[in-house]
Amino acid sequence: MTDDWLDSFPQLRALDEGPLSLLKQSAHEAVLAPGTVAFASGQGCEAFLLLTAGSIRVQLTGEGGREILLYRVTPGETCVLTTSALLADENYMAEGIAETPVRALAIPAATFRRLIADSAAFREFVFSTFGERITALVQVIQDVTFGHIARRLAAALIARSAGGDEIVLTHQELAVELGTAREVVSRQLKGFEQRGWVGLGRSRITIADRDALEVLAGSQENRAIL
């Protein structure tokens, strides 16, 4: 195994020779195809993943089948639910799905726990990234609970259109990301279209008035627009 993965996790270069050698000897590269379930709700956690390429979507599915996006894990990041499951020796409470081809370094659970116990540098890395992800997760919960759907939808469209004005995305995928029903997203998008802010096509959304969406996304107190 080469050391290329350290480019995504430079903090781990601070590991002493012993812990770093243990990590390299016991870890292996994991490759996931798009759509592969990386972990499922109720499943035990067997490895700590250091993502070096691709994206994993972590989502929660309710009894009625409604899905809520909790967060994404991208290169250089770790999964807060994986860390939590390993530290507490509990099963996963949500599922992770590869959105794109994924490459990751998989550290066996036993090695993870040994490194946590023996290496101050590894502990600092794990807990600092864990804290960052917890903060982001709390923000998601606040947005889902208190955020106005129109503002959150506008913000999602702005974020998704960073590379251009055309977004290839279904209403259902947006609904999962926002933690709401597809019908709610479709109704809001129709309102945006009527105002000339977006154009709607089959699995396609075109940004027509970015300024208007940015104003809505940045507003903290919006009245309902529909």
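The values are calculated or read from the model by the stated rules, or taken from the named source; none is laboratory data. Keep in mind the model is a prediction, meaning the values are calculated, not measured. Heads up, the Cβs are rebuilt from the backbone with ideal geometry, glycines too, and the neighbour counts pull from every protein chain shown. Heads up: the accessible areas ignore ligands, DNA and RNA and are worked out on the full protein's heavy atoms, side chains in. Shrake-Rupley method; radii C 1.70, N 1.55, O 1.52, S 1.80 Å.
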- [ ] Pull out the extension gain between Val215 and Arg66, defined as 0.36 nm times the separation in residues minus the alpha carbon to alpha carbon distance; nm, one decimal.
- [x] 50.7 nm
TODO: Kindly report the accessible area of the chain per residue (heavy atoms of protein chains, probe 1.4 Å, no ligands, DNA or RNA), in Å².
DONE: 52
Open item on the list: Sequence gap at least 6, Cα distance under 8 Å: using those rules, report the relative contact order of the chain to the nearest whole percent.
Closed with: 21
Task: Hydrodynamic radius of the stretch 1-60 per Kirkwood, over alpha carbon pairs, in Å - done: 13.6
Task: With at most 15 other Cβ atoms within 10 Å, longest stretch of the chain clear of loop trypsin sites (Lys or Arg not before Pro) (DSSP) - done: 67-194
Open item on the list: Can you tell me, using C-alpha contacts under 8 Å and at least 6 residues apart, the relative contact order of the stretch 1-103 as a whole percent?
Closed with: 38
TODO: Kindly provide the GluC sites (Glu not before Pro) of the stretch 47-133 that DSSP labels as loop, not H, G, I, E or B, and whose Cβ sees at most 12 other Cβ atoms within 10 Å.
DONE: Glu63, Glu90
Open item on the list: Using the Cα atoms of the chain, I'd like the radius of gyration and the largest Cα-Cα distance, Dmax, both in angstrom.
Closed with: 19.9, 63
Open item on the list: Taking amide H atoms as placed 1.01 Å from N in the peptide plane, list the residues 5 or more away in sequence, or in a different chain, whose amide H sits under 5 Å from that of Thr36.
Closed with: Ala98
Task: Mean-position separation - Cα centroids, the stretch 153-214 and the stretch 78-110, in angstrom - done: 30
